[in-house]
1. Would you work out the charge dipole size for the chain about its Cα centre, treating the Cβ of every Lys and Arg as +1 and the Cβ of every Asp and Glu as -1, and quote it to the nearest 20 debye?
2. Quick one: angle between helix 72-81 and the longest Cα principal axis of the chain, in degrees between 0 and 90, rounded to 10, please.
3. Can you give me the angle between helix 23-62 and the longest principal axis of the chain, using Cα atoms only, in degrees from 0 to 90, rounded to the nearest 10?
4. Local charge sum around Lys24 (other residues, Cβ-Cβ under 14 Å, Lys/Arg +1, Asp/Glu -1)?
5. Could you put Lys28, Lys38 in order, starting from the residue whose Cβ has the fewest other Cβ atoms within 10 Å?
6. With r defined as the distance between the Cβ atoms of His81 and Lys38 and R0 fixed at 30 Å, what FRET efficiency is calculated, to the nearest 0.05?
7. Long-range amide H contacts for Thr5: which residues qualify at under 5 Å (H placed 1.01 Å from N, peptide plane, sequence gap of 5 or more or a different chain)?
8. Rounded, prolate or oblate: which one fits the range 9-69, using the alpha carbon gyration tensor with axes a ≥ b ≥ c (rounded when a/c is under 1.5, else prolate when a/b beats b/c, else oblate)?
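Rule-based calculations on the coordinates, nothing more; no lab input. Being a predicted model, the structure only gives us computed values, none of them experimental. Counting neighbours? That spans all protein chains shown, and the Cβs are built from the backbone with ideal geometry, glycine included.
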Amino acid sequence: MASETCNKCGEALDTTGYPLWCLKCRAKDKRDRDANNKERRESQCWAQGVAAMREYLAQQFSSYGTQGSFSGIEIARVIAHCRGPE
Ligand SMILES: [Zn+2]
């Protein structure tokens, strides 16, 4: 019976079971998946933060009602000094 080889790198298979990958390829695959999961979680957190800040700023400016008329620089100052969502 021919010795089995890793389906990814072709080296001798030093593991059993599925997938038919050697230890090094399994470890690399896990590192890649962990990195992708971390990146996906960070993207989700960023999107949640952006949505929360957008809602917070809309509420801030809505609280001024129809009395406020702001120049761009005034709006920038309000945004720069607001605490942000909690
Ligand atoms: Zn391999």
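1. 80 debye
2. 60 degrees
3. 10 degrees
4. Result for the local shell: +1.
5. Ranking Lys28, Lys38 by Cβ neighbours within 10 Å, fewest first, gives Lys38, Lys28.
6. 0.35
7. The list, which skips near neighbours in sequence, is Leu13.
8. prolate
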